[in-house]
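Q: Right, I'll just put the structure down here and ask away after.
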Amino acid sequence: MHSAIKVLVVDDSAIIRKYLTTELSKDPEIEVVGSASDPYIARDKIVELKPDVITLDIEMPRMDGLTFLKKLMKFYPLPVIMVSAYTEEGCETTLNALEFGAVDVMLKPRMDLQSRLPELSIQLIDKVKAAARVKIRKGAASASKKEASAPAGTLNHVMVKSADKIIAMGASTGGTEALRDVLMRMPQNSPPIMVVQHMPENFTAAFAQRLNKQCAIEVREAKSGDTLKPGLALIAPGNDHLLLKRSGSRYFAELQNTPLVCRHRPSVEVLFDSVAKYGGANAIGVIMTGMGNDGAQGLLNMRQAGARTIAQDEASCVVFGMPKEAIKLDAAEKIVPLHKIPETILQMT
């Protein structure tokens, strides 16, 4: 029996501290060892309690969550899950936090989300378990920054041979930075791309906007009916499944607010299954860093339908869960490190 994952909850709201503690304590594999109402108290408790994972509020008195995160990553690196409000500012700050080394983001529960609380509870527990498996290295954020600073669309010299290919990508824990690395290097004439990244709603819109500024291709949050076209990447909105559909020679996106699949909505499995069905041999599937098995069977379905398939290798994954499960099923035709994914995709077009 493994020892329980020790969690420290850092939030200035007593209600949120109580909610997070109660929900996490429902899982026998997790132990909430303490809570703190601000970063100064948190700092002392980290030294005393040695937690495996921290949940960290963005907005707090005396020191905001982002400033605390930067200090933590420098002096005492730990897996951190940001707990953020819905607001536009909250989304922006959270994306900064992910760039500074936070491993995941969780939506702050609100009273008007009452009906969603059971789903939020599932996601919270899953995120903590995934975070506990992340190996955080000192200065990890700055190292990945250097690698990711390749200019946008650096693979322009690679010929895109087929305009009717469709690329489907799925990622979870660690995926925001990994996807950024890949999409920033896709050329302007890249085949259309569909992406599922496990993230709460609102955050996906901010994530897409940020990528759109950084990439040579256009990146936006998907809407039902969006036509797929070269040079466009569509990101599944948090809380909606993203599917590929086809009408004649036109490929388009469809959103569905149906139940969780593989404990997620959006689910990589749902996207890959739809791409296997409507894209067939015209598609390329890419499964990247993340915990669990979401997308593994879907990638196999794509491969069996004639698609080319890629899995990210263990060494470059933040969490080697989803790719590992896909590789086990023999769903991945190629297993490559993160920095090789863009050129491998383009060689397959």
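Q: Pick out the one residue from LYS6, LYS71 that is surrounded by fewer than 20 Cβ atoms within 10 Å (Cβ to Cβ) and touching a strand residue (DSSP E or B) at 6+ places or on another chain (Cβ under 9 Å).
A: After ruling out the rest, the residue left standing is LYS6.
Residue-wise test of (1) farther than 19 Å from SER121 by Cα; (2) crowded, with 18+ Cβ neighbours inside 10 Å; (3) in contact (Cβ under 8 Å) with a residue 24 or more places away in the chain.
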{"residue": "LYS26", "(1), (2), (3)": "no, no, yes"}
{"residue": "ILE30", "(1), (2), (3)": "no, yes, yes"}
{"residue": "PRO39", "(1), (2), (3)": "yes, yes, yes"}
{"residue": "PRO51", "(1), (2), (3)": "yes, yes, yes"}
{"residue": "LEU56", "(1), (2), (3)": "no, yes, yes"}
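Q: Within the range 97-137, take every residue that is buried (at least 16 other Cβ atoms within 10 Å of the Cβ) and polar (S, T, N, Q) and give me the one that is farthest from ASP12 (Cα to Cα).
A: Selected residue: GLN123.
Q: Hey, among LEU95, LEU24, which residue is under 19 Å from PRO200 (Cα atoms), in a helix (DSSP H, G or I) and touching a Lys or Arg at 6+ places or on another chain (Cβ under 8 Å)? Give the steps one after another, and end with the answer.
A: Details: LEU24 fails: touching a Lys or Arg at 6+ places or on another chain (Cβ under 8 Å).
Matching residue, one of LEU95, LEU24: LEU95.
Q: Filter the range 222-241 for residues that are assigned to a strand (DSSP E or B) and more than 12 Å from HIS198 (Cα to Cα) and give the result. Steps first, please.
A: So the first thing to find is which residues in the range 222-241 are assigned to a strand (DSSP E or B), and the list is 227, 232-235, 241.
Residues satisfying the conditions are THR227, LEU232, ALA233, LEU234.
Q: Is it the case that the range 247-254 has a residue that's modelled with pLDDT under 95, in a loop (DSSP other than H, G, I, E, B) and more than 16 Å from the chain's Cα centre (by Cα)?
A: Yes, the range 247-254 contains at least one residue that is modelled with pLDDT under 95, in a loop (DSSP other than H, G, I, E, B) and more than 16 Å from the chain's Cα centre (by Cα).
Q: Given the criterion of a type in the set (Gly, Ala, Ser) and modelled with pLDDT of 95 or more, identify the matching residue among ALA130, ALA163, ALA148, ALA143.
A: Residue meeting the stated conditions: ALA130.
Q: Oh, and also: Would you confirm, using the coordinates I've provided, whether THR289 is in contact with a Phe, Trp or Tyr (Cβ under 9 Å, 6 or more places away or on another chain), among the polar types (S, T, N, Q) and under 22 Å from MET106 (Cα atoms)?
A: For THR289, the condition - in contact with a Phe, Trp or Tyr (Cβ under 9 Å, 6 or more places away or on another chain), among the polar types (S, T, N, Q) and under 22 Å from MET106 (Cα atoms) - is met.
Q: Consider the range 282-327. How many of its residues are in a strand (DSSP E or B), over 26 Å from PRO79 (Cα atoms) and in contact (Cβ under 8 Å) with a residue 60 or more places away in the chain?
A: Selection size over the range 282-327: 3.
Q: For residues that are within 22 Å of ARG180 (Cα to Cα) and of a type in the set (D, E, K, R), scanning just the range 276-313, find the one that is nearest to the chain's Cα centre (by Cα).
A: ASP294
The values are calculated or read from the model by the stated rules, or taken from the named source; none is laboratory data. Computed from a prediction, not measured in an experiment: that's the story for all the values here. Ideal geometry is used to build each Cβ from the backbone, glycine not excepted, and the neighbour counts take in all protein chains shown.
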